[in-house]
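Inspection log for the structure reproduced underneath, given as structure tokens.
The values are calculated or read from the model by the stated rules, or taken from the named source; none is laboratory data. All values derive from a computational prediction rather than experimental measurement. For neighbour counting, all protein chains shown are included, and Cβ atoms are generated from backbone atoms with ideal geometry for every residue, glycine included.
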Amino acid sequence: MQSIRLTEIFLSLQGESQSVGLPTVFVRLTGCPLRCHYCDTEYAFKGGTSYPIEEIIQQVRAYRVPLITVTGGEPLAQKACRPLLHALCEHGLSVSLETSGALSIDQLDPRVHVVMDIKTPDSGEMARNRLDNLALLRQADEVKFVINSRADYDWCNDFIMTHELSRRCQILFSPVQGNLSPTQLADWIIHDRLAVRFQIQLHKFLWGDQPGK
């Protein structure tokens with residue numbers, strides 16, 4: 001039986017993406033090959049506990065909530081992530097994957113909803129963007145840009161146009177908490193009439209930076 005290294009499982013409200021506000025079970029896997037300058041989950045880089053996939057499924061089902069988000073760290077850094085996603089889907093759960101975009105999203109269970117980051121210049125990890133992932137995105141999937149500055153914002157606009165992202169999937173713009181004013185980002189989006197969804201991290205508004213929230 002395959003095992004996977006896990007940092008935490010917890011029930012909260014989804015703070016981002018199209019299911020924002022809905023009760024969701026978060027399965028946070030351990031480890032990440034990236035070191036984004038604004039990372040807010042550094043505690044998931046190391047440590048964790050190894051569990052058989054079936055035991056993780058049991059823990060998830062005990063919450064009696066149909067929405068599941070597998071996140072990290074970078075969940076796809078563990079080979080057993082794909083079997084975990086498949087197993088969750090097989091149990092009739094609605095599964096989303098939050099991934100950095102630095103690893104291939106190929107060969108995922110087609111029932112998995114992908115929320116993929118595109119790393120901006122200010123993240124320090126722009127070179128890790130895996131552009132071949134873009135062709136694998138579906139209309140229901142989402143691409144998220146975490147924006148730290150006006151330079152980041154302009155870069156994101158150019159990226160969207162160059163890769164015709166608006167035709168591929170849904171697009172999310174988020175400000176880096178504490179660095180870029182949410183109001184400022186919203187004003188830029190309105191001024192430019194961008195076809196993107198503005199979002200803030202609802203969970204941080206409610207509970208701050210508490211782990212497991």
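Laid out as a table, the results:
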read-out	value
Enumeration of residues in region 79-132 that are of a type in the set (S, T, N, Q), over 24 Å from A62 (Cα atoms) and surrounded by fewer than 21 Cβ atoms within 10 Å (Cβ to Cβ)	S104, Q107, N129
Top-ranked residue of region 89-109 - restricted to ones that are more than 17 Å from the chain's Cα centre (by Cα) and of a type outside the set (G, A, S), ranked as nearest to E55 (Cα to Cα)	H91
Criterion violated by H37 - all others in (1) surrounded by 14 or more Cβ atoms within 10 Å (Cβ to Cβ); (2) over 17 Å from T99 (Cβ atoms) satisfied	(1)
Matching residues, region 19-32, being modelled with pLDDT of 95 or more and not basic (K, R)	L22, P23, T24, V25, F26, V27, L29, T30, G31, C32
Test for L84: is it of a type in the set (A, V, I, L, M, F, W, C), assigned to a helix (DSSP H, G or I), within 14 Å of the chain's Cα centre (by Cα) and more than 17 Å from S19 (Cα to Cα)	no
Residues of region 46-63 classified as under 18 Å from K79 (Cβ atoms) and among the hydrophobic types (A, V, I, L, M, F, W, C), total	3
Filter result for the condition that a residue is in contact with a Cys (Cβ under 7 Å, 6 or more places away or on another chain) and within 25 Å of D209 (Cα to Cα), over E125, E42, E98	E125
Residue selected from region 181-204 under the condition among the small types (G, A, S) and surrounded by fewer than 14 Cβ atoms within 10 Å (Cβ to Cβ), by the criterion modelled with the highest pLDDT	S181
Some residue of region 30-47 being closer than 21 Å to R138 by Cα, hydrophobic (A, V, I, L, M, F, W, C) and in a helix (DSSP H, G or I)	no
